[in-house]
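What follows is one structure encoded as structure tokens, with my remarks underneath.
The values are calculated or read from the model by the stated rules, or taken from the named source; none is laboratory data. Predicted, not measured: the structure shown is a model, and the values here were computed from it. Cβ sites come from the backbone with ideal geometry, for glycine too, and all protein chains shown count toward neighbours. Heads up: the accessible areas ignore ligands, DNA and RNA and are worked out on the full protein's heavy atoms, side chains in. Shrake-Rupley method; radii C 1.70, N 1.55, O 1.52, S 1.80 Å.
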Amino acid sequence: MTDDGLVWRHNNIYYLVDEVGGIVSERIVYKLPEDLYRLYEKGERTLADISFKIETGNWPLTE
């Protein structure tokens, strides 16, 4: 698990946990491919970037 608690590893599979909502929040768990986890681990992508990629299939636009 990362320090921020958003990435979990169970049985050698990584998961990204995203909390959405306002007053009544809910957790959404995405299976995190190892290649995306490695980008995060190396500091090449943020969790926000990876979350966007998992949800939309695309990387967020950069300036």
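Per residue of the range 27-39, what does 6.51 cos²θ - 1.76 cosθ + 1.60 with θ = phi - 60° give for ³J(HN,Hα)? Whole Hz please, x for Gly and Pro, Karplus curve as stated.
9, 10, 10, 10, 6, 9, x, 4, 5, 6, 4, 4, 4
Which of the GluC sites (Glu not before Pro) found in the range 1-50 are loop residues per DSSP with 12 or fewer other Cβ atoms within 10 Å of their Cβ?
Loop-located and lightly packed - Glu44.
So which residue, out of Asp35, Asp18, Asp49, gets the largest mean-square fluctuation from a GNM of the chain using Cα contacts under 10 Å as springs?
Asp35
Multiply the residue gap between Asp35 and Glu55 by 0.36 nm, knock off their C-alpha separation, and tell me the result in nm, one decimal place.
Value of the extension gain: 5.6 nm.
Give the accessible surface of the chain per residue, rounded to a whole number of Å², with probe radius 1.4 Å and ligands, DNA and RNA excluded.
On a per-residue basis, the chain sits at 78 Å².
Arg45's amide H: which non-local residues (gap 5+, or another chain) put their own amide H closer than 5 Å, with H modeled 1.01 Å from N in plane and none for Pro or chain starts?
For Arg45, the qualifying residues are Tyr40.
With all protein chains present, how much of the accessible area of the chain (probe radius 1.4 Å) comes from carbon and sulfur, to the nearest whole percent?
Carbon-and-sulfur percentage of accessible area, whole number: 50.
Restricting to DSSP H runs of at least four residues, report the calculated mean residue ellipticity at 222 nm for the chain, -39500 (n - 2.57) per run over all residues, nearest 500 deg cm²/dmol.
On the way: 2 runs with 19 residues, N = 63.
Only helices count here, giving -8500 deg cm²/dmol.
Would you kindly state how much longer the chain becomes between Trp8 and Ala48 on full extension, computed as 0.36 nm times their sequence separation minus their alpha carbon distance, in nm to one decimal?
12.9 nm
Could you check the simple spin-label distance between Val24 and Thr62, using points 7 Å along Cα→Cβ, in nm with one decimal?
For the pair Val24/Thr62, the computed spacing is 4.0 nm.
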